[in-house]
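Take a look at the structure set out below.
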Amino acid sequence: MENKKRINSRYLASGGILAAISVVLMFVETPLPMMPSFLKLDISNIPALIGGFAFGPLVGVLIVLVKDLIHMTITQTAFVGELADFLVSGSFVFCASLIYSYKKSRKRAFIGMGCGILAMVIVGAVMNYYVLLPFYAKAYMPMEQIIELCSQINGLIVDKLTYVIYGVIPFNIIKGLVISLITALTYKHISKIIHK
């Protein structure tokens, strides 16, 4: 019983620290060339992926949730950005850490991250097309204006579908690759600290 309490306390403490780091990293963001200005690359999901690898997919997704709930207090996107991040990043972290949890090996981590990127791309494309973009257009800015702004940056974007094809999909691939690469380079060192 005492051992179980110690494990639960470690999960809670480590998850809390990773969530706090995730919140801080959320403010370190950069725009990407040829991408709409509101699609900014940040590395705040690295702690969530590390937490998912170390403690399981539920912990990883909870870290994403905590980060997005905190970000809601300063949102500039009528909560659409936070919802989008939770759905897209949550699918990436959940898928990658679920696959890794079955057999913890370097190969399995790379397979998990590859499948996580695929999940991120699919969820991002479907949710943006059917839910997020229409909701954002109603709550914040007309669809025509969104497409116009995107078109000024990337001439290939002329409607909702091309926004998803030339904006959302490439952005999520790049983001997934960057997060996966940094996690692959740092996870073993961090996991030694976490599991002490």
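The values are calculated or read from the model by the stated rules, or taken from the named source; none is laboratory data. Computed from a predicted model, the values in this text were never measured in an experiment. All Cβ positions, glycine included, derive from the backbone under ideal geometry; neighbour counts span all protein chains shown.
You will find that of Tyr100, Tyr140, Tyr129, the residue that is surrounded by 16 or more Cβ atoms within 10 Å (Cβ to Cβ), farther than 30 Å from Ser191 by Cβ and touching a helix residue (DSSP H, G or I) at 6+ places or on another chain (Cβ under 9 Å) is Tyr129 and no other. Just checking, does the range 7-27 include any residue being of a type outside the set (Phe, Trp, Tyr), without any contact (Cβ under 8 Å) to a residue 40 or more places away in the chain and in contact with a helix residue (DSSP H, G or I) (Cβ under 6 Å, 6 or more places away or on another chain)? Within the range 7-27 (the criterion being of a type outside the set (Phe, Trp, Tyr), without any contact (Cβ under 8 Å) to a residue 40 or more places away in the chain and in contact with a helix residue (DSSP H, G or I) (Cβ under 6 Å, 6 or more places away or on another chain)), the answer is yes, since at least one residue qualifies. Does any residue in the range 82-99 that is in contact (Cβ under 8 Å) with a residue 60 or more places away in the chain come within less than 9 Å, Cβ to Cβ, of a residue that is not in a helix (DSSP H, G or I) six or more places away or on a different chain, and which pairs are these? Within 9 Å, the pairs are Phe92/Asn45. None of Leu161, Leu177, Leu185 is out of contact with any Asp or Glu (no Cβ under 9 Å at 6 or more places or on another chain), free of Cβ contacts under 8 Å to residues at least 24 places away in the same chain, more than 14 Å from Leu39 (Cα to Cα) and not charged (D, E, K, R) except Leu185.
Every residue, every condition in (1) assigned to a helix (DSSP H, G or I); (2) under 12 Å from Met34 (Cα atoms); (3) of a type in the set (D, E, K, R); (4) in contact (Cβ under 8 Å) with a residue 12 or more places away in the chain, yes or no:
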position	(1), (2), (3), (4)
Val121	yes, no, no, yes
Val126	yes, no, no, no
Val131	yes, no, no, no
Tyr136	yes, no, no, yes
Ile146	yes, no, no, yes
Cys150	yes, yes, no, yes
Phe171	yes, yes, no, yes
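Please verify whether Thr30 is of a type outside the set (A, V, I, L, M, F, W, C), in a strand (DSSP E or B) and out of contact with any Ser or Thr (no Cβ under 7 Å at 6 or more places or on another chain), treating the condition exactly as stated. Let's see the steps before the verdict.
Values: of a type outside the set (A, V, I, L, M, F, W, C): yes; in a strand (DSSP E or B): yes; out of contact with any Ser or Thr (no Cβ under 7 Å at 6 or more places or on another chain): yes.
Here the answer is yes, as Thr30 does meet what is asked.
Looking across the range 90-120, the residues that are of a type in the set (S, T, N, Q) and either in contact with a strand residue (DSSP E or B) (Cβ under 6 Å, 6 or more places away or on another chain) or modelled with pLDDT of 95 or more (or both) come down to Ser91, Ser97.
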